[in-house]
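The values are calculated or read from the model by the stated rules, or taken from the named source; none is laboratory data. The structure displayed is predicted, hence computed values, not measured ones. Note that each Cβ is placed from the backbone with ideal geometry, even for glycine, and that neighbours are counted across all protein chains shown.
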Ligand SMILES: Nc1ncnc2c1ncn2[C@@H]1O[C@H](COP(=O)(O)OP(=O)(O)O)[C@@H](O)[C@H]1O
Ligand SMILES: [Mg+2]
């Protein structure tokens with residue numbers, strides 16, 4: 001898997017040399033195809049295993065008491081999530097562009113995120129301020145939704161018990177700014193750059209793909225994603241995209 005620094009080096013090489021550009025593009029395409037094929041091949045039997053385990057559990061609820069059963073179910077779930085995120089990461093820079101209202105997208109994300117917090121009986125206070133002058137943007141609606149949801153989920157994971165999460169948006173000239181602020185555990189200064197690397201996680205059940213994918217999607221939109229954080233106080237992630 002390419003790290004951010006490798007991607008930047010590759011981009012420089014491709015800008016400097018046309019032959020290198022063609023060969024690297026071909027290699028990247030092969031790499032993407034290979035990753036998709038392997039993910040797909042693993043996902044199919046894994047889905048069958050997951051369905052069988054669920055069926056066994058439905059017919060024999062006593063298996064829940066068996067040593068290792070819950071852990072096996074969690075591990076299968078984790079592998080499915082990992083494959084889903086890997087597949088999103090693999091396709092992160094292939095955008096399906098359309099013109100849509102960023103205000104509507106953010107408002108619908110805010111509603112579904114608030115509902116998910118409610119369902120989890122969370123003590124987290126969530127608020128959003130999304131003005132109505134954001135206008136339309138050209139972008140990949142589903143992928144941008146994935147980015148904002150990733151950032152909101154990370155904010156939720158960072159809060160242990162009580163805290164607040166805020167979602168703000170504003171338009172400055174031709175740029176949309178989206179900000180997600182939490183009062184969670186914060187990020188140690190020495191982790192601030194590495195958290196964007198693929199597979200870099202500090203959570204026991206993390207995949208470490210959320211921020212890598214988010215940065216890839218935002219870069220493909222010619223935007224930027226940055227973080228400001230203080231350990232013990234909270235974090236603010238800011239996404240800017242051209243309108
Ligand atoms: N809002 C946040 N507050 C504190 N730490 C964060 C926040 N967002 C991300 N992180 C840190 O960045 C790491 C990488 O995040 P991510 O790429 O989404 O992977 P994952 O959530 O699977 O760990 C997390 O494990 C966490 O340590
Ligand atoms: Mg995450």
Do we have any residue at all in the range 102-110 that's within 20 Å of the chain's Cα centre (by Cα) and under 23 Å from residue 200 (Cα atoms)?
-> no
Residues being without any contact (Cβ under 8 Å) to a residue 12 or more places away in the chain and either surrounded by 22 or more Cβ atoms within 10 Å (Cβ to Cβ) or within 22 Å of residue 80 (Cα to Cα) (or both): count how many of those fall in the range 209-239.
-> 0
Restricting the range 169-212 to residues that are closer than 15 Å to residue 234 by Cβ and away from ligand 1 (no atom under 11 Å from the Cβ), the one modelled with the highest pLDDT turns out to be 179
Tell me, please, whether a residue that is within 16 Å of ligand 1 (Cβ to nearest atom), within 15 Å of the chain's Cα centre (by Cα) and crowded, with 18+ Cβ neighbours inside 10 Å can be found in the range 157-166.
-> yes
